[in-house]
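The values are calculated or read from the model by the stated rules, or taken from the named source; none is laboratory data. Just so it is clear, the structure is predicted and the values come from calculations on it, not from any experiment. Here the Cβ is made from the backbone with ideal geometry for all residues, glycine too, and neighbour counts use every protein chain on show.
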Amino acid sequence: MDSKGSACSNPNPNPTFGPSKLMLAFRFLRALSIVHRTTPASSPTCRGRRIERAAYASMAYSAGTSRAWSRAVLRRLHHRARRRAVAPRRLSTTAGNRAEALRRLVPGGAGMDYCTLLEETADYTKCLSMQVELMQGIVDSASSNGR
Amino acid sequence: MPIEMSSRRSRITDEEINELISKLQSLLPESRRRSTSRASASKLLKETCSYIRSLHREVDDLSDRLSDLMSTMDSNSPQAEIIRSILRS
């Protein structure tokens with residue numbers, strides 16, 4: 001289902017949503033190997049959280065900076081070390097507050113206009129589901145080998 | 001934001017919004033799509049929220065499972081060797 005043209009002002013000419021599966025897999029596996037090398041085996045919980053961050057980071061890098069949600073994810077990841085208490089963000093009145101719950105789920109959703117929010121949601125959802133599929137595939141192939 | 005941009009935005013029609021919302025519906029997995037086949041926009045957005053939440057939980061859970069698998073890599077099982085060879089390349 002390709003869009004005939006974007007309803008919102010969006011410089012991205014790509015009519016389909018989501019990055020290529022190969023790019024996603026490549027980035028994530030590379031990030032996994034870094035986590036494996038740099039996290040001590042004695043802290044599996046810490047490693048689980050690092051893997052989770054690697055998942056969102058590789059998703060965001062694969063989507064590139066043309067998406068508001070991926071920029072928001074990368075900002076969040078890079079500022080993580082500062083551990084600031086995040087004040088609840090007031091929704092901009094020009095953006096309106098339709099679909100409040102959705103705005104809280106999609107990174108960067110708070111300041112978007114409704115139309116952009118819907119487009120970003122579609123791209124974010126597509127990337128998320130591809131990431132989950134990728135991680136499930138790795139778990140499945142790693143668990144079934146040697147049996 | 002320049003005036004032209006905001007007036008262009010205000011000309012976005014309901015039809016275009018509906019198109020975007022049906023795109024969201026097409027991204028839902030089969031089971032969720034079935035339950036929202038003739039749903040209102042607001043129900044579809046609720047379902048999308050629920051779907052995104054479940055995807056977040058899956059990333060969380062799969063990260064833990066991958067972490068567990070990594071600890072098997074510290075042994076000499078055949079699985080460990082295969083995973084090691086994938087990650088090395």
*What are the residues in the range A:109-147 that are closer than 21 Å to B:THR72 by Cα and among the charged types (D, E, K, R), if any?*
A:ASP140, A:ARG147
*Any idea which residue in the range B:6-21 is modelled with the lowest pLDDT, counting only those that are exposed (fewer than 15 other Cβ atoms within 10 Å of the Cβ) and in a loop (DSSP other than H, G, I, E, B)?*
B:ARG11
_Filtered residues of the range A:113-128 (kept if closer than 19 Å to B:LYS46 by Cβ, crowded, with 23+ Cβ neighbours inside 10 Å and either more than 7 Å from every other protein chain (Cβ to nearest Cβ) or aliphatic (A, V, I, L, M) (or both))_ = A:LEU117, A:LEU118, A:GLU120, A:TYR124, A:LEU128
*asked:* Every residue in the range B:22-31 that is closer than 12 Å to B:LEU44 by Cβ, more than 7 Å from chain A (Cβ to nearest Cβ) and either in contact with a helix residue (DSSP H, G or I) (Cβ under 7 Å, 6 or more places away or on another chain) or not in a helix (DSSP H, G or I) (or both), please.
replied: B:GLN25, B:LEU28
*asked:* Going through A:ALA55, A:ALA41 one at a time, which residue ends up being at pLDDT 95 or above, under 20 Å from B:LEU62 (Cβ atoms) and of a type in the set (A, V, I, L, M, F, W, C)?
replied: A:ALA55
